[in-house]
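This report refers to the structure that appears directly beneath it.
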Amino acid sequence: MKRKSKFVVFILSVIPGLSHIYLGLFYRGYIFMGATAAGAVVVLGLCFLMGSSDPSMLLLGLPVLWFVALIDSMTLTDSVNARLLLKPGEGDSPGVETEPMDNKLNDQNRKIITCLLSVVPGAGHMFLGYQKLGLELMTLFFFSFFFIDWLRIGFFMFIIPVIWFYSMFDALHKASGGGTPVVQDGLSVLELMGENSNRWSGSKLLGYGLIMVGALLIFDRIISPMIPFVIRNYVQTGIVALLFIAGGIRILLGGHKEGSVEGKEVLEECEDGE
């Protein structure tokens, strides 16, 4: 059976996914072609809705997608040719992906789709079956934009990349597991509101965080404009310094307690040995 040419693969890679179809990896090819088309449509739609060409900068991600598709297809060419040598009668059949050894490819396809969907936080989790966690992450991400823009508070901008990176890597980690979704997703704001079993439970930490956010908003939007500029800078610096000092003291006290416990355990072991 005729082997697949890497030169032809390279030429067809001008359109992401077309080279995969040439290799018989139809599903993988449709993934890359769909991702490219969806990316272009989304960027053009944003440009139209916003009446600006600023979102067109996102098109710089398409060359990255093209390069990934190129490297992936060139790498898979050797695997496809190896299968053609082992079973030459099945080389040109559309069912080339149904062999047992293609389980690895199917797992990779799952990870690729998860990664592409995770560009929107929560979408990758929904694809994997974590509907509740995905809905919460997506709601939290888009609500952060609305919250920051509505109140005009720039110091909360750090929340957005934190949510995005957490969603991306958590989805990839769950996709690598390959299993079915578990009943407990591991993160649920709704469930945190009902847990108060101990001092540092999730609901208590969430409550402390909301109180801190409310206090910062009151200070930044109501109290701060009434204070002279010089005093305001002193107050802000003092608050940050006190937070650092309190955190450092907490860490030192925690380390001291752990050291004392370890010392007692060593003494008990020595006494038992005697």
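Just so you know, all these numbers are worked out from the coordinates, no wet-lab data involved. Keep in mind that this is a model prediction, so the values were computed, not measured. Ideal geometry is used to build each Cβ from the backbone, glycine not excepted, and the neighbour counts take in all protein chains shown.
What full-extension length gain, to one decimal in nm, is calculated for residue 151 and residue 172 as 0.36 nm per residue of separation minus the Cα-Cα distance? Show your work: numbers first, answer last.
On the way: separation 21, 0.36 × 21 = 7.56 nm, distance 3.32 nm.
Gain in length upon complete extension: 4.2 nm.
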Original post:
In the stretch 106-177, what chymotrypsin sites (Phe, Trp or Tyr not before Pro) fall in a loop by DSSP, with at most 10 other Cβ atoms inside 10 Å?
Top reply: 158
Original post:
What list of ³J(HN,Hα) values in whole Hz, one per residue of the stretch 71-76 in order, does the Karplus curve 6.51 cos²θ - 1.76 cosθ + 1.60 (θ = phi - 60°) give from phi, with Gly and Pro shown as x?
Top reply: 4, 5, 5, 5, 5, 6
Original post:
To the nearest 0.05, what FRET efficiency results for residue 60 and residue 162 with a Förster distance of 22 Å applied to their C-beta separation?
Top reply: 0.40
